[in-house]
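Inspection log for the structure reproduced underneath, given as structure tokens.
The values are calculated or read from the model by the stated rules, or taken from the named source; none is laboratory data. Values in this document were obtained by computation on a predicted structure and should not be read as measured data. Here the Cβ positions follow ideal geometry from the backbone for every residue, glycine too, while neighbour counts run over all protein chains shown.
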Amino acid sequence: MSEPAKTVFVVDDDPSYLSGVERLLRAAGYAVASFTSASDFLARRPSSARGCVVADLRMPGMDGLALQEALAGSDNPLPTVFLTGQGDIPTSVKAMRRGAEDFLDKSAPGELLLGAIERALARDAREHADRARRGALRARFAALTPRENEVLTQVLRGQLNKQIAADLGVDERSVKRHRTNLTRKLGVDSVAELVRLAVEAGIRAENESQ
């Protein structure tokens, strides 16, 4: 299956400005989808969308910061570039701290916008690859049996086979067998590699602080 096309999603309630940005981006070779409101964009964007968002900061209803927050809480948080004619330093700082790729005045040269979009698209590619890797890792952990998961939790706590056997009320040979099975399923050869894989997948021991 081919990857979804990378698209620049432009969100601005000013139709004339929206049209101008769309022409600029299409002339630069980008696929573009335009929306006159943040809520419309969120309702219509494909769940597997690839690319980035170029959004006006000040819009009726849901503004740019609220849009950024909604994207950040989704399963596919596309990078955002803000364009505004009414920006201020505190707002720009807030947007950048929340992960905005850039914050540009609407009067900024087109080259600055194109550069920000290129960075945002590169970031989307990196983050998409990271999410795909974590998803694949979680699928491997999901294949473990309940008992293998119990042993895994104890291993991640740093417990030895003898301690695990006592805690689970089984013999040490059973613990060794379950450890062998889970390491085979996860494709690891050492405890250090197992811990690294668990960290990447977001797997924590039950008594580990959140």
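Computed values, structure above
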read-out: One residue from Leu168, Leu194, Leu160, Leu186 being modelled with pLDDT under 95, in contact with a Ser or Thr (Cβ under 7 Å, 6 or more places away or on another chain) and not charged (D, E, K, R); value: Leu194
read-out: Scope the range 168-191; condition hydrophobic (A, V, I, L, M, F, W, C) and more than 26 Å from the chain's Cα centre (by Cα); matching residues; value: Leu168, Val170, Val175, Leu182, Val191
read-out: Which listed residue is modelled with pLDDT under 90 and touching a helix residue (DSSP H, G or I) at 6+ places or on another chain (Cβ under 7 Å), from Arg204, Arg98, Arg140; value: Arg98
read-out: Yes/no for Arg26 being crowded, with 17+ Cβ neighbours inside 10 Å and of a type in the set (Lys, Arg); value: no
